[in-house]
Amino acid sequence: MELYFLALLVVLMALALASGYPVAFALPGSAILSIGLAAGAGYFFADDPNAYFHQGNASQWLSAGVTNLRGVYWEIERDTLIAIPLFIFMGIMLQRSKIAEDLLMTMAKLFGPIRGGLGISVVFVGALLAATTGILGATVVAMGLISLPAMLRNNYSVPLATGTIAASGTLGQIIPPSIVLIILADQLASAVDQAGTTRQALYKTATGNISMPSEFSVVSTSAGEMFLGALVPGLMLVALYMLFILVYAFLNPKAAPAVPREGKTDAAFIRNVIITLVPPLALIFLVLGSILAGVATVNQAGAIGAAGAVIMAGYRLHEGKKTAFIPAIIALISMAGIAWVLSHYNTNIKAIHTEEDAFGVMLASIFVVGLIIALLWSGWRTFRIDNTLHGVMIETAKTTSLVFIILLGAAMLTAAFRAFGGEDIVRDFLNTLPGGFWSQFLIVMMVIFLLGFFLDFIEIAVVVVPIVAPILLADPSANITAVWLGVMIGLNIQTSFLTPPFGFALFYLRGVAPATVKTLDIYKGVIPFILLQLIALAIAGYTPPLVNYLPNRVSFLSDTAPPPRNPKLQYCLEEYVTEKFATNGAQITAAIDKAKALDVSVLPKKLANETAKSFEGAAQAMTLLENARQAEREVDAAAPAFRPIHTLVRDIEKVSLRLERRIAVMETNLSRLRGDENADARAELEPRLAALKEELADSNAKIPAIWKDESAAFGQLVKAELDARNLYRRTVDKAYEPINEVLLTLADNDKMAALGEELKALPDKIAADNNLEALEELVTTTYNNLRSVEGIGATRSTLSKARRALKGRSPSKEDALEAVRQSIQEYDEELAWRQEAASKLVPGLQAYNDAIKETIGARQQNKLTREQALFLASCSAGHRDVSLSF
């Protein structure tokens, strides 16, 4: 029965949208009506308001949408949506202050003399303008009003002109900073959690193991990573557009003629170009660069963009006056000063210890005040001149409110969709498609493409993505990243907005184009650009590193990079070590042989034995890693024969799982039908339940008899590879830990020697003082100082006895004195072997450490080297099929 209400939900939403009812109210309204009708029908016809819900109850689903949305804003980890109003403000301010118009005119003068140069200028400016707003309608309208008259006036082909403008206007969907990428990142963050739970359940069902290796977990994303992932595909799309225009102009010069520049290319022209181009480019690069470099979060970068837009608008609106650039100059000087102070002084107010620190804080404060003055001055200009700031704030509030109201409505719609089992229906449909992940992916992308004719990107991102993304992300056969999926969806949405006859961009352009421009010309103009977008979509889909590499690179090179021992990095780290063994194996072997000749007998017996064993372990590392690689090759060799039966059985199990869920729902419905008045309904459901159970038994019977043996045999190969890798990892860890320990210990010799005078002064102080509490504090101080020495052993332990002797129930000054004297004796012995070991071992061990620390000792380092980080970024940028482990 819940299927009828699911259909009602979809019909109500479609009717509301088709009638022109605001999306912000159509989504929650259809959800509330369908849930209310389902609850009412259940109350009147089944005596249970919850009877017609797939799971849960009416009140739960009515409040679910609001609860989910509230969680988005109240969770500190998910504050990404705060960046939306900042980027909207930035874009609208640049438009209202006519900076975007200046940019286009200047670019047209710069590239106009080239065939197709005006079209290239439109693409370039469209990309920048799109990057600042991220709102499709605003970008297309602005570009249509600014550039279309200029292109038509210069005899450009109407289809080429309109196609270039419409396509350039949609670049805001994919070129960061983009609002659609922020929303997709937020939605995918939730989808990753659901996909991770699903994949964990798949692993448990397939292997019987409760815990899944972290290398099989779903890779999440953030807005910053989405920006990084979309950067290369976005630039690739811009390059394709420009290349097409150049080729088209070369083949058909009349369609895109050169535009002679009026005036001379003199100093005034160059100055105008610099003043017009450099500030907006610098602002965009500053916003993106701060994210790429890890200096700022997406929210902080949005604030930088908004502030920069205000300062730029301040001098543009005041153009022609002597004081126009003073606030901007003050801002530049202040930012340069802040950067200089940060690089030369410690500006932490709580850490002021010297006059130099205080001077640095004072300088920083002066420059910050200067920046605030520049912002206030520019803000006052935008407020006073043409009431620009007021208009920008109103438009920002409207657009932001629209986005957030749609988010709320979509959360309620998604809750209603799940209440009636829609999510299970979609999952079952996708899982039963032949062709595995790629057929599911193509169907989803086709649906999103078609929805782009009718819905804005916000509705698609918040309605469709939460339903389909967990299903796609959970599939271990493709093992895709959330960044890649988000970028592919963004590219797809962008394509759908251009496609005739319903593409949004076409309607926006039609609204501002003159009557001489025919709608058919607009349709003809966008077709080549649609094909270019599909080519870009195919390239990004076929080569995941285009999307994944840059986020990985920034992540692995950042200060918060995962350590080399992170389980998710081990496969790629071992690939790196394998390459190093192949190129530097002879040098590493020679270093190991040379280290074996070192006399480690000067070390304490236990440490000497561990060090000697570590050399033997290091000598085995290459062989053990090759054994692991051989085990991997054996798995790869067996995989083609095992994959068909594995796929067959997993497909059968998917069908069985779907039947089990239907049986569970039907049993729940039967349990609600109590009493004689429901006898007819029970009589109708019981045969259907029996048929489903019989169908389930038939489905399970289709599993081939050889499955258990084949699965066990392949599982043994997988286990052998895992055991070989674990043996290698344990061996290299044990091979490096003693060397690291010895070097760290001997590096603290000077620190230990410096504490000798303090330790040897204790007996006289204890003998001369009867204040046991003061003596205990004195010994504790020396004990704590010794504790900071790496590898200190018996000396500190014996001194601890002196502490206990002074503060026990029966304090004894004599026992403490004896313990201190024993500690001094042990100190002298320990310092003696340390100094002897330092002279005999440190040079050899340091050379040995330098030879092996990036290979055998890689897992024990605190941070990846740059070379390792770049290799791992490239290695992990692809999608590795792990389905045979499930």
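Since only Leu831, Ile92, Gly302 are under comparison, the one whose Cα sits farthest along the positive direction of the charge dipole of the chain, derived from C-beta charges on Lys, Arg, Asp and Glu, is Ile92. A 1.4 Å probe run over the range 430-538, with the rest of the protein chains in place, finds 33 Å² accessible per residue. Averaged over its residues, the range 602-711 has an accessible area of 59 Å² per residue, based on protein heavy atoms and a 1.4 Å probe. The gain in end-to-end length when the Ile352 to Asn155 segment is fully stretched comes to 64.2 nm, 0.36 nm per residue minus the alpha carbon separation.
For the range 84-215, a simple Cβ point-charge model (Lys and Arg +1, Asp and Glu -1, everything else neutral) yields a dipole of about 340 debye relative to the Cα centre.
Look at the dipole of the chain built from charges on Cβ: of Phe429, Ile739, Ser656, the Cα furthest out on the positive end belongs to Phe429. The separation of the range 600-654 from the range 208-253, counted between C-alpha centres, amounts to 35 Å. For the set Trp833, Trp484, Trp377, solvent exposure ranked by accessible area (probe 1.4 Å, protein chains only) runs largest to smallest as Trp377, Trp833, Trp484. According to the Kirkwood relation over distinct C-alpha pairs, the hydrodynamic radius of the range 710-773 is 17.0 Å.
Taking amide H positions as modeled 1.01 Å from N, with prolines and chain starts lacking one, no residue 5 or more places away or on another chain lies under 5 Å from Ile174. A straight line joining the Cα centroids of the range 675-697 and the range 848-866 runs 65 Å.
Protein-only accessible surface at a 1.4 angstrom probe places the residues Ile480, Ile210 in the order Ile210, Ile480, largest first. In the assembled protein chains, Thr855 presents an accessible area of approximately 10 Å² (probe radius 1.4 Å).
Across the range 663-669, rounded Karplus estimates of 3J(HN,Hα) from the backbone phi angles (6.51 cos²θ - 1.76 cosθ + 1.60, θ = phi - 60°) give 5, 4, 5, 5, 5, 5, 4 Hz, Gly and Pro being marked x.
Of the accessible area of the chain, computed with a 1.4 Å probe over protein heavy atoms only, carbon and sulfur atoms account for 62 percent.
Largest accessible area first, the listed residues Ile349, Ile32 line up as Ile349, Ile32 when surface is computed with a 1.4 Å probe on the assembled protein chains. Solvent-accessible surface of the range 93-246, taken per residue with a 1.4 Å probe and all protein chains present: 30 Å².
When only the Cβ of Lys, Arg, Asp and Glu is charged (+1, +1, -1, -1), the dipole of the range 487-589 relative to its Cα centre reaches about 320 debye. Computed over the chain, the P(r) tail beyond 37 angstrom holds 61 percent of alpha carbon pairs.
With unit charges on the beta carbon (Lys/Arg positive, Asp/Glu negative), name the residue among Gly391, Leu37, Thr481 whose Cα is farthest towards the positive pole of the charge dipole of the chain. Result: Gly391, furthest along the dipole toward the positive end.
Taking a straight Cα-Cα cut-off under 18 Å and skipping sequence neighbours fewer than 8 places away in the same chain, no lysines fall within cross-link reach of Lys398.
Between Val278 and Glu686, the modelled labels are 8.7 nm apart [label points 7 Å from Cα along Cα→Cβ].
Each residue of the range 170-301 gets 173 Å³ once the volume of the Cα convex hull is shared out per residue. Placing +1 on the Cβ of every Lys and Arg and -1 on the Cβ of every Asp and Glu, with no other charges, gives the chain a dipole of roughly 2400 debye about its Cα centre.
Using θ = phi - 60° in the Karplus curve 6.51 cos²θ - 1.76 cosθ + 1.60, the 3J(HN,Hα) couplings for the range 547-564 round to 9, 7, 5, 4, x, 5, 4, 5, 5, 6, 8, 7, 5, 9, 4, x, x, x Hz; x is entered for Gly and Pro. Note on Asn785 and Ile114: the model spin-label points, each 7 Å out from Cα along the C-beta direction, lie 7.1 nm apart. Here the 3J(HN,Hα) profile of the range 470-481, calculated from phi with Karplus coefficients 6.51, -1.76 and 1.60 at θ = phi - 60°, is x, 5, 5, 5, 6, 5, x, 5, 8, 6, 6, 8 Hz, Gly and Pro shown as x.
The values are calculated or read from the model by the stated rules, or taken from the named source; none is laboratory data. Model, not experiment: these values are computed from the prediction. FYI the Cβ positions are ideal-geometry reconstructions off the backbone, even for glycines, and counts take in every protein chain you see. Keep in mind that these areas ignore ligands, DNA and RNA; they rest on the heavy atoms of the full protein, side chains included. Shrake-Rupley method; radii C 1.70, N 1.55, O 1.52, S 1.80 Å.
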